[in-house]
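See structure below.
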Amino acid sequence: MAGELFDKAFEPAYGHAVPVADQVARLTVNNPSAFTFHGTNSYIVGRDTLAVIDPGPEDEAHLAALLAAIDGRPVSHIFVSHTHRDHAPLSRRLKEATGALIVAEGPHRAARPLHEGETNPFAESADMGFVPDVAVGDGETISGDGWALSAIHTPGHTANHVSFALEGSGIVFSADHVMAWATTVVAPPDGAMGDYMTSLEKMLARDDRLYLPGHGGPVKEPASFLRGLRTHRRMRERAIRERIASGDRLISDMVKAIYRDTDPRLHGAAALSVLAHIEDLIEKGAIKADGPPSLNGVFEPG
């Protein structure tokens, strides 16, 4: 299923702006990793007065590449999909260089409060100092010179995740919510599986023709891809329930069985994904826990 669904073909072309649609160019940061694939994608929208989407991490070479691609044209807005450090921090430097307004859903926040004694495993991944100039509401449209971007709140990966639709084009900048190369990481307490699945349904209710994600190449048939993602997540949920029914009580045992073909570097993220599913299953009453759900908790059928 996963092998058929995902497409890892991608040429990052570091340092160069690659046209990907009418008045849209992509620049990829040279920050490859198990979580970022070949790197974070930034997008430049417009012809005369521009918008930049997801400037990326603090990276001098990428800032220089962005400014070269901007080529002296005015930039009115910088859109940030969410506050992970591979997407947001460079927005401040770019604002200093261009005078643009930074637009985002809001500062970083967790999807739920920390349980007593719990630590956030991705706390250092968040840009806690990020504050947008403009907090954009769900469905709100911000217009520039020859373009308009509408916010689609898509929590799940983070509580403040937002995708942006380029009005009149059928294009959505889906950031880390939907990517062609892999499923997004949903890691409590920053992320929530229930929110993620609701956001998938929200995107399925739309009629878009192309997604330009935060990592990797485009999603060219969004509706069928979204249905595939939904099926993939439901299969994961079913596998977790089956492991618990067969006697597994610890997330570490479930990960060994369910993710045996996954890169071991991602097993930590896989464990958090299992935890996200378990939190959702507990909320639905499908399983029970011996206390607040955690990576070291004990789980049994509901």
Could you pull out every residue, at least 5 positions away or on a different chain, whose amide H is within less than 5 Å of the one on His77? Hs are placed 1.01 Å off N in the peptide plane, and Pro or chain starts have none.
Val52, Leu101
Taking square-rooted eigenvalues a ≥ b ≥ c of the alpha carbon gyration tensor, is region 124-213 rounded, prolate or oblate, where a/c under 1.5 means rounded and, failing that, a/b exceeding b/c means prolate?
oblate
Cα gyration tensor shape for region 1-131, rounded if a/c is under 1.5, else prolate or oblate:
oblate
Can you give the log10 of the normalised intensity I(q)/I(0) at q = 0.13 Å⁻¹, computed with Debye over equal Cα scatterers of region 2-221?
-0.67
I'd like the FRET efficiency for Val134 and Asp207, computed as 1/(1 + (r/R0)^6) with the beta carbon distance as r and R0 of 35 Å, rounded to 0.05.
0.85
How far is the Cα center of region 50-64 from the Cα center of region 282-302, in Å?
42
Computed from every Cα-Cα pair in region 263-302, P(r) in 5 Å bins starting at 0 and rounded to whole percents is 7, 25, 31, 19, 10, 7, 1
Please build a GNM for the chain, connecting alpha carbons under 10 Å apart, and tell me which residue among Asp127, Asp280, Asp263 fluctuates the most.
Asp263
Theoretical gain in end-to-end length, Gln23 to Thr198 [0.36 nm per residue, Cα-Cα removed]
59.9 nm
Give the residue list of trypsin sites (Lys or Arg not before Pro) in region 194-228 that are DSSP loop and have at most 15 other beta-carbon atoms within 10 angstrom.
Arg206, Arg209, Lys220
Could you give the nm distance between label points at Arg47 and Glu116, where each point is 7 Å from its Cα heading toward the beta carbon?
6.3
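No value in this document is a laboratory result; all are computed from the given coordinates. Remember, it's a predicted structure, so these values are computed and weren't measured experimentally. Every residue, glycine as well, gets a Cβ built from its backbone with ideal geometry; the counts of neighbours run over all protein chains shown.
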